[in-house]
Amino acid sequence: MLSPHLRHWSTPWGARGSTVRPVHFVIMGCGRVGGLLAAQLDESGHSVAVIDQDPDAFRRLPAEFSGRRITGMGFDRDALLQAGIEEAYALAAVSNGDNSNILTARVARETFGVKHVVARIYDPRRAEVYQRLGITTVATVPWTADQFLRRLLPKGAQVEYRDASGAVSLASIDYHPRWIGSTVGHLEESVGARIAYITRFGKGMVPTVSTVIQENDLVYIMAMSEELPRLQRRFMAEPVKAD
């Protein structure tokens, strides 16, 4: 059984019993974290396919795992097709090799058009290069299965922290791509929320009102917990053009 800490990320608001629309995920690599990701997503009601070149690796999956197990290389076209890559909402490349992870991520994104792709990177010096290719990377030092889930799950604010009373939340939040190029000040004023910090190329930063939102920025807001659903809708709405 997965820990309550990991199960927390199976729902958009971090609340037990809530649900998200089931979608299909492909995971390349069935090591400790690949197995955790697969089990978590499967338990949450999603469709999951796991690829690993070592069939013994699938022993890490729980007995009740209902997803597909594909023996092969993650960047092999046939293996990806068997895994249902053409219907995949997202792919996570989490094997123990940087080159295999990046190659798999690029094939998924560039050949099959998968929009949500995350790759594990052991060498953090490569991370910025791959981020500029549109591939979200997670290095090993700050890396956990939770971080992958936050980037792979369908749209929804992901609660990072709640105060003791549960009234105030720090949450990562998705935003409409048209906000890219806008300043933090303009975004805050338009949606009525306070941006606490931004993660850019894997590094956190506290923005000023003049900080410009860039592609692949992860945005975190501080807000009243009850306001999160409304704020997520505001962030996902297309900006209104000024007259």
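Values in this text are rule-based calculations from the coordinates and carry no lab data. Because the structure is a prediction, the values reported are computed rather than measured. So basically every Cβ, Gly included, is an ideal-geometry build from the backbone, and we count neighbours across all protein chains shown.
Would you please give the residues with an amide H less than 5 Å from that of ARG69, counting only those at least 5 places away or on a separate chain, with H modeled from the backbone geometry?
Under 5 Å from the amide H of ARG69: VAL50.
For the residues LEU103, LEU36, what sequence is obtained by ranking on other C-beta atoms within 10 Å, fewest first?
Going from sparsest to densest Cβ surroundings: LEU103, LEU36.
Amide H of VAL117: which non-local residues (sequence gap of 5 or more, or other chain) have their own amide H closer than 5 Å, using H built in the peptide plane?
Counting only residues 5 or more places away or on other chains, the set is LEU91, THR136.
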